[in-house]
Amino acid sequence: MNRLSGRRVVVTGGARGIGAAIVRAFAAEAARVAVLDPAAEEATRLAAEVHGRAYAVDLTDAAATREAMEKAIAWLGGIDVLVNDAGTSRFAPLLELEPADLGDTVTSPARTMLVTTQAAAWSMIALRGPGDDCVGKIVNVAGAGCVTGGGQAHHAAATSAVTALTRAAAEELGPHGITVNCLCPGLVVGEGGVGGHDRREAADWSARSPLGRVGEPRDVARAALFLASSDSDYLTGDALNVSGGLVLR
């Protein structure tokens, strides 16, 4: 259908898992995609697959991330869509958490999101023409905030940070024609397991879902595609649960 024909897209954390699924889904809809990720080899391979461009960057380094964003936007000739999917998925019991763990899970991704959002927004604003209503889309991927159980304390904090930044950005960028929304995936089957758990636990998690299964990266990618397309032009500041109904439990 080419829903994103000609759209210029940057995906952070796009070399694997959900991010890679988003890159492939967007490219399949005729978008031009730049991938920012610290995994240089995987990012380069994926970018070649979708005829995009990869930028290997330590996303915890604000200055390096800002520079990579500038290079990606210059290569694209502007930016229409930003997808922030740079985060961690390690589980740990509350009583075993160290203060540094919160920094790795909450502060660092939030800082990265701020840097990339600022860079994208300035470019989107500069390219806005007279009469343009919606000129840019920002899609943030939060943690599994709807998932309950042990080992989730830092992920709950991270999800709250992402959703709060999403709402604040939507409020401030809306007048400039930029929508900002976030996705809250449930447990997603990816490389190496289910949200950091062993694949053998998939059956247990599936039993918790009204749909009877855990998610796949493509499930989240399809939701991201909706938020990046013109179908969601009147939607901003929202958190969309892509959880197979886990949010109901």
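Here is how the numbers come out for the structure above:
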read-out: Given charges at beta-carbon only (K, R positive; D, E negative), |dipole| of the range 8-248 in Debye; value: 360
read-out: Note, ³J(HN,Hα) from phi for the range 163-176, Karplus 6.51, -1.76, 1.60, rounded to Hz, x at Gly and Pro; value: 5, 5, 5, 4, 5, 5, 5, 4, 4, 7, 8, x, x, 8
read-out: Pairwise label distance in nanometres, SER5 with VAL247, each label 7 Å out on the Cα-Cβ vector; value: 3.2
read-out: Computed E for GLU171/ARG45 - FRET, C-beta separation, R0 41 angstrom, nearest 0.05; value: 0.60
read-out: Long-range amide H partners of SER243 with built H, under 5 Å; value: GLY186
read-out: Under-5 Å amide H pairs with LEU183, H placed in peptide plane, nonlocal only; value: ASN140, VAL141, ALA142, LEU240
read-out: Stretchable slack from ARG213 to TYR234, in nm (0.36 nm times residue separation minus alpha-carbon distance); value: 4.5 nm
read-out: Label-point separation in nm, ASP133 to ALA164, each point 7 Å along Cα→Cβ; value: 3.3
read-out: Exposure proxy ranking, count of Cβ atoms within 10 Å, fewest first, for THR12, THR166, THR107; value: THR107, THR166, THR12
read-out: Rounded to 5, percent antiparallel among DSSP beta bridges of the range 8-248; value: 10
read-out: Full-extension gain in nm, PHE226 to SER206, via 0.36 nm per residue minus C-alpha separation; value: 4.7 nm
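Every read-out reported here was derived from the displayed coordinates using simple, explicitly stated rules and does not represent laboratory data. Note that the coordinates shown come from a computational prediction; the quantities given were computed from them, not determined experimentally. So basically every Cβ, Gly included, is an ideal-geometry build from the backbone, and we count neighbours across all protein chains shown.
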